[in-house]
Amino acid sequence: MNLNRWTYAAAVALMGALVLTAMPVTAHHSSGPFYDSSKRVEIQGTVTKFVFKNPHAALYLDATDSTGTKAEWQIELGAPASLVRTGWTPDTLKAGVEIKASGQPSRAEGTHGMCCARITKPDGSPIVAGGRVQEEQQPPK
């Protein structure tokens, strides 16, 4: 193989890489492999951290289960842009706030995770006045 073939092959590979990296990322994962949509879990606890970052916001709270065991739960929320449209901001939930959440539990054994959650104040009222408190699942594409 001579130098011209190598140069041509390298140019084609470089152009292919540039095209692939310039394309927008439009794929998104389903929650099915990670969370069990056939089950629902409800917890009440104290917010320890609210992370309002892409691709998904996350809410961390300390909650006590029915056996009296305290655990840190992680709730996967939607994209911050979607949350903003329903009235949420990075300051909506501060550490120390008591909330109630009901959602699909994590499939990973021994973990305390949840998604697709309905999040309210302990009395069931919405966190954001007039705002939606339940995330909507996107239909499969």
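The values are calculated or read from the model by the stated rules, or taken from the named source; none is laboratory data. Keep in mind that this is a model prediction, so the values were computed, not measured. Positions of Cβ are generated from backbone atoms using ideal geometry, with glycine treated the same way; all protein chains shown enter the neighbour counts.
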Next on the checklist: Looking only at region 34-56, filter to residues that are hydrophobic (A, V, I, L, M, F, W, C) and in contact (Cβ under 8 Å) with a residue 60 or more places away in the chain; which one of those is surrounded by the most Cβ atoms within 10 Å (Cβ to Cβ)?
Outcome noted: ILE43
Checklist entry - Among the residues of region 24-37, is any among the hydrophobic types (A, V, I, L, M, F, W, C), over 16 Å from the mean Cα position of the chain (by Cα) and at pLDDT below 50? => result yes
